[in-house]
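Trainee: Would you mind keeping the following structure in view while I ask a few things?
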Amino acid sequence: MSKAILITGCSTGIGHVTAHALHKRGYHVIASCRKLADVERLQQEGLTCIHLDLNCSQSISLAVQRTLELTGGKLYALFNNGAYGQPGALEDLPVDGLRAQFETNFFGWHQLVCEILPTMRKQGEGRIIQNSSVLGFAAMKYRGAYNASKFAIEGWSDTLRLELFDTNIKISLIEPGPIETRFRANALNAFQQWIDSEDSVHQLQYQQQIARLAKEQSNNAFVLPAEACVESVIHALEAPRPRIRYRITKPTKIFAILKRLLPSRWLDKILQKAA
């Protein structure tokens, strides 16, 4: 049997293109989606796809059980990709909105890894790939909830890597930067759900943010298609010594250098303009 990989968040974007690319490469791909309609659509596309809602502990456990049934009790890799962005100033974000962000972007990932690790330990190998962000190490305003969730994933993944040092289970982080996906549309829905923009001191800035998120395309000069992440995922899966971090886009690579070289206040000025 070919090596099996479970991928979360496969309805569109990075998860979708990666699932298809690895399937063509010969992997036993178990794609997963939160919405049942998307599960059915991916099945019609020729992928093995299961239901997995990162907001629901029971759904995660059932998905792990189903994955192991489909793979004969083995699982070589997990690509934690399912996530969304919650825009808005931190002072306007209700605690429940922040909790919702962390349920999907952090706690769901934590449970999924913890339930899969015993299988990887038993088989003596495994790869865990976490889809982080440039915002996992360089914060930008009005993205505080997402910043916090990705900073948390970075620290969590670094810790897990240290704790698995004496095993053959490798941990890698993907840090994409600007990628053309449905991320903005999903972020706009989250903004409208949790942020009261009319009574906020940030009302003017929110109007600009809404206009940006409502565009079908980002018009960012540095944006890359979701396919740009596939090569890094493959390297993280197949290299004898995979990298700890894969920085995909030019802004991610630039900010990684600037964060090491510049005083924080200088970097703040650049990040203010970049936002």
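Trainee: State which residue pairs qualify: first residue under 19 Å from Ala19 (Cα atoms) and inside the stretch 234-262, second residue part of a strand (DSSP E or B) in any location, beta carbons under 6 Å apart, and separation of 6 or more residues or different chains.
Mentor: If the second residue must be part of a strand (DSSP E or B), the pairs left are Ala236/Ile129; Ala236/Ser172; Leu237/Ala77; Leu237/Arg127; Tyr246/Ile174.
Trainee: Further question: Does at least one position in the stretch 15-27 carry a residue that is among the basic types (Lys, Arg) and within 15 Å of the chain's Cα centre (by Cα)?
Mentor: no
Trainee: State which residue is modelled with the highest pLDDT when the search covers only the stretch 183-205 and only residues that are of a type in the set (D, E, K, R) and surrounded by fewer than 15 Cβ atoms within 10 Å (Cβ to Cβ).
Mentor: Asp196
Trainee: Also, quick follow-up: Of everything in the stretch 154-199, what is among the β-branched types (Val, Ile, Thr), out of contact with any Gly (no Cβ under 6 Å at 6 or more places or on another chain) and touching a residue at least 12 places away in the same chain (Cβ under 8 Å)? Give them in sequence order.
Mentor: Passing the criteria: Thr167, Ile171, Ile174, Ile179.
Trainee: Could you give every pair whose Cβ atoms fall below 6 Å, whose first residue belongs to the stretch 206-217 and is surrounded by 15 or more Cβ atoms within 10 Å (Cβ to Cβ), and whose second residue is part of a helix (DSSP H, G or I), counting only separations of at least 6 or pairs across chains?
Mentor: Leu213/Arg184; Leu213/Ala187; Leu213/Leu188
Trainee: Can you pull out every residue in the stretch 94-133 that is in contact with a strand residue (DSSP E or B) (Cβ under 8 Å, 6 or more places away or on another chain) and of a type in the set (A, V, I, L, M, F, W, C)?
Mentor: The answer is Trp109, Leu112, Val113, Ile116, Leu117, Met120, Ile128, Ile129.
Trainee: Ok, one more. Out of the stretch 65-75, which residues are touching a residue at least 24 places away in the same chain (Cβ under 8 Å) and more than 20 Å from His110 (Cβ to Cβ)?
Mentor: Hits for the stretch 65-75 are Leu70, Thr71, Gly72, Gly73, Lys74.
Trainee: Moving on. Looking only at the stretch 22-36, decide whether some residue is small (Gly, Ala, Ser), part of a helix (DSSP H, G or I) and surrounded by fewer than 19 Cβ atoms within 10 Å (Cβ to Cβ).
Mentor: no
Trainee: So, one more: With the checklist (1) under 22 Å from Ile128 (Cβ atoms); (2) surrounded by fewer than 16 Cβ atoms within 10 Å (Cβ to Cβ); (3) among the small types (Gly, Ala, Ser) in hand, flag the one item Gly46 doesn't pass.
Mentor: Here Gly46 clears every test but (1).
Trainee: I've got another one for you. Checking Asp199 against (1) farther than 17 Å from Ala275 by Cβ; (2) in contact with a Lys or Arg (Cβ under 9 Å, 6 or more places away or on another chain); (3) not hydroxyl-bearing (Ser, Thr, Tyr); (4) not in a strand (DSSP E or B): exactly one of these is not met. Which one?
Mentor: (2) is the only condition that Asp199 fails.
The values are calculated or read from the model by the stated rules, or taken from the named source; none is laboratory data. What you see is a predicted model; the values in this text were computed from it and never measured. Every residue, glycine among them, receives a Cβ derived from its backbone with ideal geometry; neighbour counts consider all protein chains shown.
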